[in-house]
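The values are calculated or read from the model by the stated rules, or taken from the named source; none is laboratory data. Note that the structure is predicted; figures quoted are calculated from it, not measured. Every residue, glycine among them, receives a Cβ derived from its backbone with ideal geometry; neighbour counts consider all protein chains shown.
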Amino acid sequence: MKRGGLIGTFVMVPSPDLVSIAGIAGFDFVIVDLEHGALSFSDVCPLVNAALASGVRPIIRVPELNSAMIGKALDSGADAIIVPGVEKREHAAAAVAAAKFAPLGARGACPRVRGSAYGVRPRGEFYSRDNDERAIITLVESRKGIENVRQIVGVEGLDALFLGYSDLSHSLGHVNDPGHPVVRACLDGAIREAKAANVLLGVSCLSEAEAQDRLRSGVSFVTFSGIETLALNGCRDAVRRLRGG
């Protein structure tokens, strides 16, 4: 993320093969989405293993700000965690505490998890390197979160801010209109606050053109669509072409 220019997509179905396809296609990361869709935590490890085997980095969006869930998700070997519903400084601080081992936080320490290669990695290395290398990302997509974004990005230990249109448009009263100028203005304001605080930044983009523009503007990572939706669209386009449409 520090190098920037990363492109990712969401995964909402329990298919390691689709995750592998995302890696083969050249995505930099996939977001295993436990907030929406049908995935359960039992699906996480197969999807993370498929990602690591195919060269695409696994990120997990946990369903809520829950310390135990954040710790378990990191124990699985994911590179980063996205915490939704962050609306104030206290939420962001709690997320950081759950994701970092002492002395930076209060993440539960077990040396035999998937993230430590089931105990092969030396304990000291596992704890210190995970603090440095596993990212905690807060998702801000509500009116209240946008209003408090300056305090959120000021939390020590926060690695990145992630911004999305869908819930933000609903929260602002522009339901089913994520491209509304008011929604875009709020998003752009949050981007300026994150950049001013030197916090890494990601944006969930509405189009390929927007993703390209956001990357050119200096955001660290973007997401576009979901792997299952991309697969569906590819199949539909192929059928349409084959039928001469």
- Query: Checking Lys195 against (1) modelled with pLDDT of 95 or more; (2) over 26 Å from Val32 (Cβ atoms), which single condition isn't satisfied?
  - Reply: (1)
- Task: Taking Phe162 as meeting all but one of (1) touching a Leu at 6+ places or on another chain (Cβ under 6 Å); (2) more than 23 Å from Asp33 (Cα to Cα); (3) among the aromatic types (Phe, Trp, Tyr), write down the number of the exception.
- Result: (2)
- Return yes when Ser42 is modelled with pLDDT of 95 or more, polar (S, T, N, Q) and under 24 Å from Lys2 (Cβ atoms) and no when it is not. no
- Check whether at least one residue in the stretch 207-224 is out of contact with any Pro (no Cβ under 7 Å at 6 or more places or on another chain), within 30 Å of Leu104 (Cβ to Cβ), among the small types (Gly, Ala, Ser) and exposed (fewer than 14 other Cβ atoms within 10 Å of the Cβ), and report yes or no. yes
- Task: Hey, can you tell me all the residues within the stretch 117-126 that are surrounded by 15 or more Cβ atoms within 10 Å (Cβ to Cβ) and free of Cβ contacts under 8 Å to residues at least 12 places away in the same chain?
- Result: Arg121
- Message: So, Pro63, is that one in contact with a Lys or Arg (Cβ under 8 Å, 6 or more places away or on another chain), under 30 Å from Ala25 (Cα atoms) and of a type outside the set (A, V, I, L, M) or not?
- Response: no
- Quick check: is even one residue across the stretch 110-122 out of contact with any Leu (no Cβ under 8 Å at 6 or more places or on another chain), of a type in the set (Phe, Trp, Tyr) and at pLDDT below 95? yes
- Item | Checklist (1) within 18 Å of Asp159 (Cα to Cα); (2) surrounded by fewer than 20 Cβ atoms within 10 Å (Cβ to Cβ); (3) in contact with a Lys or Arg (Cβ under 9 Å, 6 or more places away or on another chain) applied to Gly85, failing item | (3)
- In the stretch 72-92, residues that are within 25 Å of Arg150 (Cα to Cα), in contact with a Gly (Cβ under 8 Å, 6 or more places away or on another chain) and among the aliphatic types (A, V, I, L, M) total 1
- Tally time: how many residues in the stretch 12-22 are under 12 Å from Ser54 (Cβ atoms) and surrounded by 17 or more Cβ atoms within 10 Å (Cβ to Cβ)? 6
- Residue check: is Ser142 within 30 Å of Asn233 (Cα to Cα), over 18 Å from the mean Cα position of the chain (by Cα) and at pLDDT 95 or above? no
- Query: When residues of the stretch 60-106 are filtered for being under 26 Å from Ala50 (Cβ atoms), in contact (Cβ under 8 Å) with a residue 40 or more places away in the chain and charged (D, E, K, R), how many remain?
  - Reply: 3
- Task: Please tell me if Asp188 is under 20 Å from the mean Cα position of the chain (by Cα) and under 24 Å from Leu34 (Cα atoms).
- Result: no
